[in-house]
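Trainee: Dumping the structure here so I can ask a few things about it.
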Amino acid sequence: MRDKRLKKEAFPKLALALVGNPHLAGNWGRPLIIEIGAGKGFFSVNLAQLYPHATVLALDAKPPRLWYGATLAENLKLDNIRFIAQDAVMLEEMFAPEEVDKIWITFPDPYPKKRHIRRRLTAPSFLQSYRKILKPLGEVHLKTDNEAFFDYTLEVLRLEGVTPFIVTRDLHASEFLNEETGFKTSYEETFVGQGLKIHYLAFRF
Ligand SMILES: C[S@@+](CC[C@H](N)C(=O)[O-])C[C@H]1O[C@@H](n2cnc3c(N)ncnc32)[C@H](O)[C@@H]1O
């Protein structure tokens, strides 16, 4: 507990960490890649290394988790990544219309209860935000271990008239595995260790 509190306090002091709602909409830099629900943020650190000319933003509603990735990125002296403690419901205030090139959603909380459906990061209200902030032909990529969440997402996309250009229920055995998709998030390490298959899809609006 003590450890957690310390990290929470340290978070805003890290140069790469932003808390609240930074007024940078329209000025984040391009190309712009964001990860929503980034957790510890190591996947975003990998994105920043893979795409040194892009700006990468790791967003999570819970700042203590981001502390790990922010510390790693500072140690690696990365200057193209930021860690933002913010809820995804604020996306339309954080970004100008058509500002974002790519959105990654990695192992989102599945929120299995019916009364929590609106919190799912692929619920129609979130898709509406993604549609607004993504540039034309911008992409959304999703990885999850949770089959029910994956099926829910496919159904929402169908109802929205969106056809994914990638759908696989076993990413790590698929042709879609590469140095971007294949980098394992912290949750993914655990799920793969348990023998779970990683579901992956990507779409454009
Ligand atoms: C299951 S964890 C996965 C973390 C990380 N992506 C990984 O794979 O290791 C889901 C994360 O999403 C974050 N989250 C859930 N709803 C969110 C929201 N509306 N906005 C921002 N982050 C959210 C949680 O705080 C949590 O850190």
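Trainee: What are the residues in region 152-205 that are of a type in the set (K, R) and closer than 22 Å to Q128 by Cβ, if any?
Mentor: Residues satisfying the conditions are R158, R204.
Trainee: Now for a different question. Which ones in region 93-118 are touching a strand residue (DSSP E or B) at 6+ places or on another chain (Cβ under 8 Å) and among the acidic types (D, E)?
Mentor: Correct list: E98, E99, D101.
Residues are listed down the side, and each one gets a yes or a no for (1) within 16 Å of the ligand (Cβ to nearest atom); (2) more than 20 Å from K143 (Cβ to Cβ):
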residue: L32; (1), (2): no, no
residue: F42; (1), (2): yes, no
residue: L50; (1), (2): no, no
residue: Q86; (1), (2): yes, yes
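Trainee: What pairs can you find where one residue is in region 167-185 and among the β-branched types (V, I, T), the other is away from the ligand (no atom under 16 Å from the Cβ) and modelled with pLDDT of 95 or more, and their Cβ atoms are less than 7 Å apart, with a gap of 6+ or different chains?
Mentor: The qualifying pairs are T168/S174; T168/F176.
Residue-by-condition table, conditions (1) exposed (fewer than 14 other Cβ atoms within 10 Å of the Cβ); (2) more than 21 Å from G69 (Cα to Cα); (3) polar (S, T, N, Q):
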{"position": "L157", "(1), (2), (3)": "no, yes, no"}
{"position": "G161", "(1), (2), (3)": "yes, yes, no"}
{"position": "V167", "(1), (2), (3)": "no, yes, no"}
{"position": "D170", "(1), (2), (3)": "yes, yes, no"}
{"position": "E175", "(1), (2), (3)": "yes, yes, no"}
{"position": "E179", "(1), (2), (3)": "yes, no, no"}
{"position": "T185", "(1), (2), (3)": "no, no, yes"}
{"position": "G193", "(1), (2), (3)": "yes, yes, no"}
{"position": "I198", "(1), (2), (3)": "no, yes, no"}
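Trainee: Which of the helices (runs of 4 or more DSSP H) found entirely inside region 118-205 contain at least 2 residues meeting this: within 14 Å of T106 (Cα to Cα)?
Mentor: The helices (runs of 4 or more DSSP H) meeting that bar are 147-160, 186-193.
Trainee: Among the numbered criteria (1) surrounded by fewer than 22 Cβ atoms within 10 Å (Cβ to Cβ); (2) touching a Pro at 6+ places or on another chain (Cβ under 8 Å); (3) on the phi < 0 side of the Ramachandran plot, which one does L142 miss?
Mentor: That leaves (1) as the condition not met.
The values are calculated or read from the model by the stated rules, or taken from the named source; none is laboratory data. Owing to the predicted nature of the structure, the values given are computational and were not obtained by experimental measurement. We place every Cβ from the backbone using ideal geometry, glycine too, and count neighbours over all the protein chains shown.
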